[in-house]
Amino acid sequence: MEEGRIGLFGMVVMGFFWVCGGMYGNEELLGTAPPLLVLSALVVVPLCHSLPVSMMIAECGTAWPADGGLPVFVQRAFGDTVGAYNTFFTWLNCLVDAAIYPVMAASYTKELLGHYDIRAVDERLVCVTIVGCMTAMQLRGLDWMVRFSTLLLLLSLGPTVLFALLGAPHLSSAPLLASSGPCNPTLLLSFVFWLDSGFYSLADIAGEVDNPGRVLPLACAILQPLNMLVNLLPLAVALCLDSDASHYAASTGYFSALAVRVGGWWLGKLFFCASMVSNLGNYSSQVVSAEKLCSFFIESQLTALAAPDAPPCAELLPRAPCCALYRRLPSTRTGRYLSTHSEEAGQHPWIILFNAGCILLLILLFPLDMLIELVALIMTINMSLFLLAFVQVLLAPPIRCLCPSL
């Protein structure tokens, strides 16, 4: 039996950039409503939304530990046709989401170099450089990506922790309990739901996880409070330093200015650099999801074309002694070639290069605002399908497994 290569530590590191990534870029959230409503939303929404979602993801990822995540569960519940559409749009959503982060990192780079009077910076060239370097890292292997994500986690989380610790003496109840002021509830809820949407991606690499029945629930149990803590404590410190919502709405990098006020110019520079590093971590996590989805789409569609009338379990290979744990086997020569992955890369190199090319096209062809709007639209559809699929699987009668025993 083949064992996965990602343990609990690697899953937490990869998952951090799916579910959180840090407080960077969340200035707009503090401008959507008074402090009491913002902080309440950051507590209520995770408890009512991301906590149940993480439990469902852990359960489904344990039952069906195949690379692909949500589309695997949707295809299991509704069949190949609905599953194919969901896989394609989930893959597209990951590509578009991944394309956002190099653009944001390039924007931070340009602004940072502008402080040193270096104005001749082509943001598209920076984006191409980022995508090229990250693709080269992926070709080295998933183990390299986990190590690199660990470094990015430390670099991005460190300034946030310093900001929270140095700003803790400024914490006061009066600014945090303020409930009067302009409020945009639609934007507030949309922003908070987007912050917690990363829990849907935790099963995307379930096929690479060693002992998913243990690792996935524990990773969710660690990431859930970590996500709430990283979002709540630093934002509470920021509100105590400056509760004027208009300041946050006017400047995307206003947290850096508050960091200067708390720790000095060095913390402000660290905050600025960490913002760019966090975008690299978010990109690496999203592009790994896109590659797993692309591979699953190719495997499942070519298998369905080769054996359209085969019963579901006859096409599946158990991954553990329990036959409920399975993944699809490609049934065509092309499917076997494209789905075959080397032990080093964790994915076929052509799939890695194809996804990198698609991301570059999205970066070069579409503005940032359009990419963000497209992600929000596709994500809503995919999440709804997953929730329906989870209910469908729970209500469905048990299916006798036709797989041969190990």
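In a DSSP loop and with at most 15 other Cβ atoms within 10 Å, there are no trypsin sites (Lys or Arg not before Pro) in the stretch 125-225. Annotation: amide H-H contacts under 5 Å for GLY68 (H modelled 1.01 Å from N, sequence separation of 5 or more, or interchain): ILE205, ALA206, GLY207.
The label point for ILE222 and the one for MET137, both projected 7 Å from the Cα toward the Cβ, are 1.9 nm apart.
The phi torsions of the stretch 49-61, fed into the Karplus equation with coefficients 6.51, -1.76 and 1.60 and a -60° offset, translate into couplings of 10, 6, 5, x, 5, 5, 5, 5, 4, 4, 5, 5, x Hz, rounded to whole numbers, with Gly and Pro shown as x. Approximating the spin labels as points 7 Å out from Cα along Cα→Cβ, the ASP244-to-HIS49 distance works out to 3.0 nm.
For LEU395 and SER179, a Förster radius of 35 Å and the Cβ-Cβ distance give a FRET efficiency of 0.25, rounded to the nearest 0.05. Treating r as the C-beta distance of PHE88 and LEU37 and R0 as 35 Å, the FRET efficiency rounds to 0.40. The amide H of ASN211, built 1.01 Å from its N in the peptide plane, has GLY4 as neighbours under 5 Å, considering only residues 5 or more places off or on other chains.
The stretch 126-196 and the stretch 41-97 have their alpha-carbon centroids 22 Å apart. A full extension of the chain between LEU353 and LEU387 corresponds to an added length of 9.0 nm, given 0.36 nm per residue minus the alpha carbon distance.
In order along the stretch 143-152, the Karplus-derived 3J(HN,Hα) couplings, from 6.51 cos²θ - 1.76 cosθ + 1.60 at θ = phi - 60°, round to 4, 5, 5, 5, 5, 5, 5, 4, 4, 5 Hz, and Gly and Pro are given as x.
Throughout, read-outs are computed from the coordinates displayed, never taken from laboratory work. Computed from a prediction, not measured in an experiment: that's the story for all the values here. Because the Cβ atoms are built from the backbone with ideal geometry, glycine has one as well, and the counts that use them run over all protein chains shown.
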